[in-house]
Amino acid sequence: MIKRGNQIISEEEIVCKTKAQMGRGLMFRLEKKNLIMYLTKEMKAYLHMFFVFYPIDVLLLDKNKKVIEIKENFKPFREWHSKNKGHYIIELGKEHLEVSVGDILEF
């Protein structure tokens, strides 16, 4: 579960901690899902939407789980490189509440 204060952002997520899990991400999943990636070190994100068939929102979080960058409406078959380095990446494919840069999340 991902929360911002008392508000639930996501009730169920796929958790990715290994390179293999992160590499697959949301590819080939026909049902919309949310996903959390735990990065092994602070780094810039590079994501692609090859074989992801629905748009998502991407949140990049720092080590304190503060949102530091957002990529909204990331469409299928596109690529994205973050401007900032982060420790967590959250991909939101299912409906969710509005999230802003500076919000602190819990999961």
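Side notes on the structure shown:
- Options Gly23, Gly5: the member that is small (Gly, Ala, Ser) and at positive phi: Gly5
Residue-wise test of (1) surrounded by 12 or more Cβ atoms within 10 Å (Cβ to Cβ); (2) touching a strand residue (DSSP E or B) at 6+ places or on another chain (Cβ under 9 Å); (3) modelled with pLDDT under 95; (4) closer than 12 Å to Leu92 by Cβ.
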| site | (1), (2), (3), (4) |
| --- | --- |
| Asn6 | no, no, yes, no |
| Val15 | no, yes, no, no |
| Met22 | yes, yes, yes, no |
| Leu30 | no, no, yes, no |
| Lys33 | yes, yes, yes, yes |
| Ile36 | yes, yes, no, yes |
| Tyr46 | no, yes, no, no |
| Phe53 | yes, no, yes, no |
| Leu59 | yes, yes, no, yes |
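- Considering region 1-52, the qualifying strands (runs of 3 or more DSSP E), each wholly inside and each with 2 or more residues that are over 19 Å from Gly86 (Cα atoms) and of a type outside the set (A, V, I, L, M, F, W, C), run over 7-10.
The values are calculated or read from the model by the stated rules, or taken from the named source; none is laboratory data. All values derive from a computational prediction rather than experimental measurement. Neighbour counts are summed over all protein chains in view; Cβ atoms, including those assigned to glycine, are modelled from backbone coordinates with ideal geometry.
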